[in-house]
Amino acid sequence: MARHFVDTSALVKLYRNEPLTAAVQACIAPNDTLVISGIACLEFQSAFLGLVRQNLVAAAHAQQRIALLRQDLPNFTVIPLTHAVVASAEVLIDRFGVSEGLRPADAMQLACALEAHSQVPLDSALTTDAILSRCALAAGLVVKP
């Protein structure tokens with residue numbers, strides 16, 4: 001049984017078939033613990049509504065996927081956005097904002113991953129975001145896929 005941090009780019013792929021969906025799903029076994037950040041639900045909702053704006057999915061489909069994630073929330077460990085996590089994200093922006101182009105939401109994701117890792121070690125951080133992947137590796141996390 002492994003413990004994985006799942007950022008929003010990977011989380012969306014658990015609810016929608018897109019490029020790299022199979023790669024993300026292959027990293028997760030049925031009894032694994034999945035950890036998400038407190039910002040993941042908001043980003044997930046935004047991602048699906050963005051797909052509606054781009055006419056890639058119907059609004060009803062997006063709302064169904066958002067409702068499904070909300071229904072599944074008890075299956076995830078959620079790292080809350082505490083003052084300590086926000087402070088950690090600020091440090092990460094200072095460290096990676098210029099060199100890697102780390103943005104605030106991804107800094108929050110990485111700060112939550114590092115907080116989760118400090119509580120109980122993570123086996124991996126799942127992301128398909130190239131910038132977040134590089135920053136997470138530099139911060140000492142194992143990154144998949």
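The values are calculated or read from the model by the stated rules, or taken from the named source; none is laboratory data. Just so we're clear, the structure is a prediction, and the values are computed from it rather than from any experiment. Counting neighbours? That spans all protein chains shown, and the Cβs are built from the backbone with ideal geometry, glycine included.
Give the range 105-145 a look and list any residue that's of a type in the set (Ser, Thr, Tyr) and either assigned to a loop (DSSP other than H, G, I, E, B) or over 22 Å from Leu42 (Cβ atoms) (or both), or say none. I'd like the intermediate steps shown before the answer.
Going through the range 105-145, the residues of a type in the set (Ser, Thr, Tyr) turn out to be 118, 124, 127-128, 133.
Within the range 105-145, Ser118, Ser124, Thr127, Thr128 qualify.
Mind checking whether some residue in the range 81-104 is touching a helix residue (DSSP H, G or I) at 6+ places or on another chain (Cβ under 6 Å) and under 15 Å from Ala10 (Cβ atoms)?
no
Find the residue count for the range 95-104, including only residues that are assigned to a helix (DSSP H, G or I) and either loosely packed, with under 15 Cβ neighbours inside 10 Å or modelled with pLDDT under 95 (or both).
1
State whether the residues of the range 122-137 include one that is of a type in the set (A, V, I, L, M, F, W, C), modelled with pLDDT of 95 or more and farther than 23 Å from Lys13 by Cβ.
No, because not a single residue in the range 122-137 is of a type in the set (A, V, I, L, M, F, W, C), modelled with pLDDT of 95 or more and farther than 23 Å from Lys13 by Cβ.
Just one of the numbered conditions (1) part of a loop (DSSP other than H, G, I, E, B); (2) in contact with a Cys (Cβ under 8 Å, 6 or more places away or on another chain); (3) farther than 25 Å from Arg134 by Cα is not true of Leu69; which one?
Result: Leu69 passes all but (1).
Does the range 74-90 hold any residues that are exposed (fewer than 13 other Cβ atoms within 10 Å of the Cβ) and part of a helix (DSSP H, G or I), and which are they?
Pro74, Asn75, His83, Ala84, Ala87
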